[in-house]
1. Within segment 36-46, does at least one residue satisfy the condition of being touching a residue at least 12 places away in the same chain (Cβ under 8 Å) and among the polar types (S, T, N, Q)?
2. Among the candidates Ala402, Ala413, Ala331, Ala335, single out the residue that is among the aliphatic types (A, V, I, L, M), surrounded by fewer than 24 Cβ atoms within 10 Å (Cβ to Cβ), at pLDDT 95 or above and away from ligand 1 (no atom under 16 Å from the Cβ).
3. Please go through (1) in a loop (DSSP other than H, G, I, E, B); (2) within 12 Å of ligand 2 (Cβ to nearest atom); (3) touching a helix residue (DSSP H, G or I) at 6+ places or on another chain (Cβ under 9 Å); (4) under 21 Å from Gly368 (Cβ atoms) for Gly148 and return the number of the only condition it doesn't satisfy.
4. What number of residues in segment 60-114 are in contact with a helix residue (DSSP H, G or I) (Cβ under 6 Å, 6 or more places away or on another chain), surrounded by fewer than 18 Cβ atoms within 10 Å (Cβ to Cβ) and polar (S, T, N, Q)?
5. Go through (1) at pLDDT 95 or above; (2) farther than 17 Å from Ala207 by Cα one by one and return the number of the condition Phe247 breaks.
6. Those residues that are assigned to a loop (DSSP other than H, G, I, E, B) and within 15 Å of ligand 2 (Cβ to nearest atom), I need them from segment 88-110; list them, please.
7. Residues Gly211, Gly125: which one is more than 16 Å from ligand 1 (Cβ to nearest atom), more than 21 Å from the chain's Cα centre (by Cα) and modelled with pLDDT of 95 or more?
8. State whether the residues of segment 259-275 include one that is hydroxyl-bearing (Ser, Thr, Tyr) and closer than 25 Å to Gly148 by Cα.
Amino acid sequence: MTTGAEAARATAPHLLRAAAEAILPGVVEVRRRLHRRPEIGLHLPQTQAVIAEALRALGLEPRVGGSTTSVTTVIEGARPGPTILLRADMDGLPLTEDTGLGFASEVPGAMHACGHDTHVAMLLGAARLLAERRDALAGRVLLMFQPGEEGYHGARFMLDEGLLVEGAHGAGGVERAVAIHISTRYPSATIALRPGPLLASTDAIRATVRGRGGHASAPHLALDPIPTAAELVLALQAAVSRSVDAFDPVVLTIARISGGTTNNIIPERVEIEGTIRTTSPENRALMRDLVRRVAAGVAAAQGTEIDLEIDEGYPVTLCDPDVTAWVRGLAAELAGEAAVLDMAHPIMGGEDFSYVTQRVPGMMAFLGARPASEDPATAPQNHSNLVVFDEPSMALGVALYAAAAIDFLGGDA
Ligand SMILES: [Zn+2]
Ligand SMILES: [Zn+2]
């Protein structure tokens, strides 16, 4: 005997892709509305209002965050079962849009340049498909709309408020988590993914080299911090190349160095800032120790002082191998094997969905959205003032979110 759930699961991919294509105009409309009014950081009241209104229109109850403008909601299946979390981030970036699109940002100095507007629109589209298919669900879908992905630890605020805690959001223990991130690295309507490390940890280095100012003609009477700073930059690069396994990538970049006012003054101090990117928790810990040790050694050798802070950024985004293989299968069913791209290596950017995948078996997939007209070598990337995402790709994102929920919850009824 075939149950309704089994029937739904067997036919879901093709039907879901078609259903997602059918609602694409509405998804595009929401996306463009958000795109015109980007908001930055943890407090995004207009974006939150758009999400809450859309959820209410589906008969879902939005729950808003206490410390941020996050939104969650639960789609209850017809029968009991586990909970799957689907996540979209909400925030824009502090730059001025130069795409010339008809729906370009109307807010000077703010742009949805990372495509988080598309994520919200896709997850709302998936919510619609899932709300219409509750009968196929044995369990619950927890939708996570988070602000502050771009460096503000928005996901961590939601976890601190009990996102995953039994009962707190009306959802029981979350057993699986899936996120989608749009990208112009990949052709439109493809899915790129990999098990294990997907994105890097993102710790920041802030160092101040302290010496003693004086006349540039008499360095022996001063304590020049500039050679210390120069040596520190080079010593860090050398230490990384000698200490880290070449097959477990690490990037250390000193991105700002600043000191002095003119040619004949030795300054008192030099400021240095940089970023440490690693793709394993082991290397993350190793790099923190290494940077501290090298800074202390260089300072001691020069007789200067280095005040060093390592600001904790996002953890490595680790994708559960089983969950990734499962999503890969769903993507192949939805889009065809040729549209699934197995990433050869991680990307050294960061993601705060990593906080979720630290706690729940989960994964993030990239949704390719590079317009066919763009040269892969020169297409503006995410975070560019010129980036344009191919909107029809969003139908695949909607379908993948929905397929993950239906497949995970459609099982053992
Ligand atoms: Zn971004
Ligand atoms: Zn992003």
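The values are calculated or read from the model by the stated rules, or taken from the named source; none is laboratory data. Predicted, not measured: the structure shown is a model, and the values here were computed from it. Don't worry about glycine lacking a Cβ; one is built from the backbone with ideal geometry, like all the others, and counts go over all protein chains shown.
1. First pass over segment 36-46, keeping only residues touching a residue at least 12 places away in the same chain (Cβ under 8 Å): 36-45.
Now narrow it down to the ones that are among the polar types (S, T, N, Q): none.
No: segment 36-46 contains no residue that is touching a residue at least 12 places away in the same chain (Cβ under 8 Å) and among the polar types (S, T, N, Q).
2. Numbers: Ala402 fails: surrounded by fewer than 24 Cβ atoms within 10 Å (Cβ to Cβ); Ala413 fails: at pLDDT 95 or above; Ala331 fails: surrounded by fewer than 24 Cβ atoms within 10 Å (Cβ to Cβ).
The unique qualifying residue is Ala335.
3. The failed condition is (4).
4. 1
5. (1)
6. If we filter segment 88-110 for residues that are assigned to a loop (DSSP other than H, G, I, E, B), which is where we start, we get 90-92, 94-110.
The answer is Met90, Asp91, Gly92, Pro94, Leu95, Ala110.
7. Working: Gly125 fails: more than 21 Å from the chain's Cα centre (by Cα).
Answer to the selection: Gly211.
8. First, pick out the residues of segment 259-275 that are hydroxyl-bearing (Ser, Thr, Tyr): 261-262, 275.
Next cut, closer than 25 Å to Gly148 by Cα only: 275.
Looking through segment 259-275, at least one residue is hydroxyl-bearing (Ser, Thr, Tyr) and closer than 25 Å to Gly148 by Cα.
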